[in-house]
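**Q** For reference, the structure I am asking about is given below.
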Amino acid sequence: MMKTLNVKILLIFVFGLFLAGCSNTPFYHKNMMRGQVVEQSAGRTLICIGAKHGAKVGQKYSVIRFHEEIAPSEGDDPYTIEKVGTVQITKIVNDHFATVKLLSGDIEAKDMVELEE
């Protein structure tokens, strides 16, 4: 019984170390570095990806917009996805936000952003 408990604790510890190191892996950057355009104005564009998420000045993000289908068929995906632009981080504001410059497209607040490969 005690050996089983020790093995479980060891496995949890090793798994925790593995997860802690994931923030610098390609898997993390491809699947987890997603956020949203929080503010889009003439003076500033702000996204909700910051230092805590591994964001760095110079990273480029695709900006995507979801469109809901009016009457999707049963079992169909009710949303279509459209790439509407590209942005690049110019400044990390804090752990949660960064400012970006628009490289292409026409973006709006509430659009989603995801790290380009």
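Nothing in this text is a laboratory measurement; each read-out follows from the coordinates by a stated rule. The shown structure was predicted, so the numbers you read here are calculated from the model rather than taken from an experiment. Every residue, glycine among them, receives a Cβ derived from its backbone with ideal geometry; neighbour counts consider all protein chains shown.
**Q** Would you mind checking the pairs K56/K83; K8/K52; K60/K83 and listing those with alpha carbons more than 20 angstrom apart?
**A** K56/K83; K8/K52
**Q** Give me the net charge for the shell around E39: Cβ to Cβ below 14 angstrom, other residues only, Lys and Arg +1, Asp and Glu -1.
**A** +2
**Q** Hey, with R₀ at 22 Å, roughly what FRET efficiency would I64 and T90 work out to, going by the Cβ-Cβ distance, to 0.05?
**A** For R0 = 22 Å, the calculated efficiency reads 0.65.
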